[in-house]
Amino acid sequence: MNNSDRICVLGLGYVGLPTAALIATAGRNVLGIDSDGRVLDSLRSGNVRISEPGLRTVVRAAVESGRLSLSDSPEPSDIYMICVPTPVDNGKAELSAVKTAADTVGTLLQNGSLVILESTVPPGTTRHVLAPRLEKASGLSAGSEFMLAYCPERVLPGQALKELVDNDRLIGGINAESIEAASSLYSEFVNGELVACDCLDAEVSKLAENAFRDVNIAFANELARVSEAIGSDVWRVAQLANRHPRVNILRPGPGVGGHCIPVDPWMLIQALPGAKMLNAARETNDSQPAYIAETIKLLLGELDVEVPEIALFGASYKPDIDDVRNAPSAVLARLLQEAGARVRLCDPHVRTFGDESFFDAHKAAAGADMLIFVVAHSAWLTLEPAELAAVVRNRIVYDATGNLDCARWQQAGFVVSSLGRGRAGGSAQRTPSNA
Ligand code: SAJ
């Protein structure tokens, strides 16, 4: 392979776009493909819709250098990277985008081409779905006439560019020649170790990584419920237990959002529907907004207001990003509305809702009976409790982030309750029977 080889990257989303831009910056000619004309138009005019530190700069540089061009359909290339979405619907992975990409790429394959799949897929997809479709469309044989590998993306939203370069990569080839060809490409822009493996093991590893996190967050959420039931403090308990050299308890919270952790475990459950732990983790994390809503209803029940006004702080799925996909705060907001409250959201990162009060904590808090902190945005740490105390109707705070300085809010006259902590001396503390 040399730098004149062209690479087609299919799918310019959260993974494909930074990958395409990085490879182009590393000196390759990249053709970025997306079926959504709006994505292409905005990229052509220099706008990057995905908010990711440094991404806009890298994409603009790649486009301006002429190394990254854009199109709605692939052209003959030496390498094809498939980074298309694989959503899960009703517990089943939807592979139509992978299949369409395979059918199109298959017609363009030539002797010696390399195809890499990066999308998250159910175990067996590379060998049993992708390979046969590519072979059928091309008339070539996978592993001998063209190379095929599964190399899952593993980047953390919010630090995608850094992790694309620094993380170790699994190079899951269908055979040794495919591993060699794919390793050669990734070695051009990855500093992390390239770990050769079989494509099935790479597929399962990708799912296992996210399922591992789901199970561990579920453990933290369950521990929060135990702590509330018995009156201990889950945040302190986790700190103390984590002093053990082999314990690392994650943070409880309002539930698990995003497009990966609440989704990917289903692709493992699909392989073994009776998998108890995976199913239990999904159930615990998915029920966390409802669990929190019950506590809030207890707190609201102590107020003498006909229609409680609630300000929810945090609309994204995790701290300091603008991504709202599967955000637990949306579920919590709906449950509280169904319980008769009026709910407004406030998030300084999320620009899609447009309403002014959405960005300004003081406007969101004006006249509120309860402030609920759902996402641990750093912006909340600079809020002045005394200023908010002056504009609310009732001084009640609920913290699901474990990140607020409760003493400061209490000094400003707020009654503060926290997930996994209960309210100090408060009557809305859960009892073991309703935990
Ligand atoms: N969360 C908690 N408690 C914690 C950590 C996270 O409740 O202690 C919640 C977050 O608030 C969020 C959700 O979990 O709602 C997921 O956030 P995350 O930061 O754990 O993960 P993602 O979805 O942003 O990215 C994950 C990463 N996977 C792992 O860390 C194993 C990332 O490396 C993957 O590349 C990405 O999924 C993906 O694309 O699969």
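The values are calculated or read from the model by the stated rules, or taken from the named source; none is laboratory data. The model shown is predicted, which means the values in this text are computed figures rather than measured ones. With ideal geometry, Cβ positions are generated from the backbone for all residues, glycine too; neighbour counts draw on all protein chains shown. What goes into the accessible areas is simple: the full protein's heavy atoms, side chains included, and nothing from ligands, DNA or RNA. Shrake-Rupley method; radii C 1.70, N 1.55, O 1.52, S 1.80 Å.
The sum of -39500 (n - 2.57) across all DSSP H runs of n ≥ 4, divided by the residue count of the chain, sets its helix-only mean residue ellipticity at 222 nm to -11500 deg cm²/dmol. If the chain linking PHE219 and GLU180 were pulled fully straight, counting 0.36 nm for each residue of separation and taking away their Cα-Cα distance, it would gain 10.1 nm. All other residues whose Cβ lies under 14 angstrom from that of ASP72 are scored, Lys and Arg at +1 and Asp and Glu at -1, for a net of -2. For the pair LEU156 and ALA241 in one chain, pulling the backbone fully straight at 0.36 nm per residue adds 28.0 nm over the alpha carbon distance. Measuring nothing but how far apart in sequence close Cα pairs (under 8 Å, 6+ apart) lie, relative to its length, the chain scores a relative contact order of 11 percent. Largest mean-square fluctuation among ALA24, ALA202, ALA241, in a Gaussian network model of the chain whose springs join Cα atoms under 10 Å apart, belongs to ALA241.
Against the main long axis of the alpha-carbon atoms of the chain, helix 276-286 sits at an angle near 60°.
Counting only heavy atoms of the protein chains, get the accessible area per residue of the chain (1.4 Å probe) and round it to a whole Å² value. Provide the component values of the computation, followed by the final result.
Details: 18840 Å² over 435 residues.
Spelled out: the 1.4 Å probe surface of the chain, per residue, equals 43 Å².
Label-to-label distance for ARG408 and LYS363 is 2.3 nm, based on points extended 7 Å past Cα in the beta-carbon direction.
As a fraction of the 1.4 Å probe accessible area of the chain, surface on carbon and sulfur atoms comes out at 51 percent. Taking all Cα pairs closer than 8 Å and separated by 6 or more residues, the relative contact order of the range 51-198 comes to 20 percent. Take the Cα of GLU64, step 7 Å toward its Cβ, do the same at GLU145, and the gap between the two points is 4.4 nm. Given an 8 Å cut-off on Cα distances and at least 6 residues of separation, report the relative contact order of the range 89-167 as a percent. Over the range 89-167, the number comes to 34 percent. The simple Förster model, with R0 at 25 Å and r as the Cβ-Cβ distance, assigns ASP166 and THR57 a FRET efficiency of 0.90.
A 23 angstrom limit on the alpha carbon distance is what I want to check against. Which of LYS136/LYS206; LYS206/LYS318; LYS99/LYS162; LYS162/LYS206 exceed it? The partial results should precede the final answer.
Working: LYS136/LYS206 27 Å; LYS206/LYS318 21 Å; LYS99/LYS162 30 Å; LYS162/LYS206 19 Å.
In this structure, LYS136/LYS206; LYS99/LYS162 exceed 23 Å between Cα atoms.
Per the Cα gyration tensor, the chain maps to an equivalent ellipsoid with semi-axes of 45, 24, 18 Å, ordered largest to smallest. A Gaussian network model of the chain, with springs between Cα atoms under 10 Å, assigns the largest mean-square fluctuation among ALA149, ALA330, ALA218 to ALA330. Put a dot 7 Å past the Cα of LYS136, heading toward its Cβ, do the same for LYS92, and the two dots end up 1.8 nm apart. Computed FRET efficiency, Cβ-Cβ of ASN279 and ALA389, R0 60 Å: what is it to the nearest 0.05? For ASN279 and ALA389, the calculated efficiency is 0.85.
Please work out how much length the chain gains when fully extended from ASP320 to ASP5, using 0.36 nm per residue of separation minus the C-alpha to C-alpha distance, in nm with one decimal.
Values: separation 315, 0.36 × 315 = 113.40 nm, distance 3.82 nm.
Net length gain for the segment: 109.6 nm.
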